[in-house]
Amino acid sequence: MDVSRTSTVTQEEAVVLAGQAEDNATKSGRIGQYRYQITQMNTAEGTVVVFLDTSDEMLSYLRVLLLSGSVGIVCWCLMLLSVFLLSKQAIRPIAENMEKQKQFVTNAGHEIKTPLAIIQSNTEAMELYQGENKWSRNIKEQTERLSDLMQHLLLLSRMDEGVEHVHAIDFCFSDLLMESVRSFMPLMESKQIDVHTHIPSDVQIHADQSQIEQLCSILLDNAVKYTNEGGRIQIELMQKEKHLQFTVQNTCKRLPAVSPDKLFDRFFRSDEARTQKSGGYGIGLSVAKAIVQANHGDIRASYMEPDVICFTICV
């Protein structure tokens with residue numbers, strides 16, 4: 001035994017350690033804070049077992065690990081603080097521009113409403129003196145179109161700004177939906193559309209009645225506009241536990257070549273030429289989505305083969 005180079009191990013303890021190393025049946029390893037190496041000698045000395053105290057080395061590793069972790073946490077906190085402060089500065093112009101854009105839409109909408117009303121009233125007055133003609137009819141149709149567009153834009157703007165309050169009450173959704181379907185029946189009959197309805201009686205809902213009425217009008221109007229001549233519209237209302245599911249399906253000449261979620265984008269039109277043949281202006285479904293979300297519901301669109309579009313609302 002040679003324990004002259006250490007003061008922490010006695011000869012008896014060294015004997016015990018050597019025995020443990022031999023019992024491990026490995027030429028090298030670790031016992032506690034000591035690493036050992038066993039070497040077979042070619043002389044009469046036999047086997048030599050060398051032990052190395054690694055406690056200082058382990059303490060050094062722990063110090064480096066602790067220091068590195070502390071520095072890393074401090075740097076991460078500083079970086080997070082910097083990103084937080086700088087991101088606010090970077091996003092501020094974007095947020096201000098978005099707010100100005102919303103305010104512009106609101107102000108422009110209110111400013112445009114007055115000239116439209118004047119054009120409409122002057123056209124009607126002109127027809128009283130000169131009679132109705134194709135030019136006066138075109139003026140009235142386009143002013144009505146612009147007026148509807150501005151109403152939808154103002155509604156979206158108010159919802160974006162959070163100033164459009166939802167006045168939720170309990171009312172009969174079945175009666176409201178049936179009344180909406182009846183109001184669109186003349187248009188459906190003029191296009192020879194086959195209408196199927198499944199609307200149970202006395203289905204109640206807690207929501208803003210005027211907004212839900214507008215939602216039904218938008219979806220039915222959209223279905224009638226894009227259903228082909230002699231096509232089919234299916235309207236269903238179902239009670240599912242605490243929720244209502246309202247679906248509107250309609251056939252069309254061909255399905256849009258975009259994902260169903262794209263249909264809710266503002267000013268999206270499946271007609272790339274953006275003609276006025278269908279009479280739409282690509283904002284109705286955006287308004288429908290805003291109404292559903294304001295009433296804590298969900299709306300989604302899906303395609304059903306071969307030529308059916310389905311809108312599903314859960315409230």
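The values are calculated or read from the model by the stated rules, or taken from the named source; none is laboratory data. Since the model is a prediction, treat every value here as computed from it, not as a measurement. FYI the Cβ positions are ideal-geometry reconstructions off the backbone, even for glycines, and counts take in every protein chain you see. Heads up: the accessible areas ignore ligands, DNA and RNA and are worked out on the full protein's heavy atoms, side chains in. Shrake-Rupley method; radii C 1.70, N 1.55, O 1.52, S 1.80 Å.
Couple of notes before you dig in:
- Scanning segment 185-195 for residues that are within 13 Å of Ala223 (Cα to Cα) and either of a type in the set (Gly, Ala, Ser) or in contact (Cβ under 8 Å) with a residue 24 or more places away in the chain (or both) turns up Leu187, Met188, Lys191, Ile193, Asp194, Val195.
- Every residue from segment 220-248 that is touching a strand residue (DSSP E or B) at 6+ places or on another chain (Cβ under 8 Å), part of a helix (DSSP H, G or I) and open to solvent by 50 Å² or more (accessible area, probe 1.4 Å): Tyr226
- Qualifying residue in segment 47-56 (condition: in a helix (DSSP H, G or I) and in contact with a strand residue (DSSP E or B) (Cβ under 9 Å, 6 or more places away or on another chain)): yes
- Checking the stated criteria, His110 turns out to be modelled with pLDDT under 85, farther than 30 Å from Met1 by Cβ and surrounded by fewer than 12 Cβ atoms within 10 Å (Cβ to Cβ).
- Count of segment 118-132 residues which are open to solvent by 50 Å² or more (accessible area, probe 1.4 Å) and of a type outside the set (Val, Ile, Thr): 8
- Near pairs, Cβ below 6 angstrom, 6+ apart or cross-chain, from segment 19-34 (closer than 22 Å to Met58 by Cα) to any residue that is assigned to a strand (DSSP E or B) and of a type outside the set (Asp, Glu): Gln20/Ile31; Ala21/Tyr36; Ala21/Val49; Lys27/Ile38; Ser28/Gln37; Tyr34/Phe51
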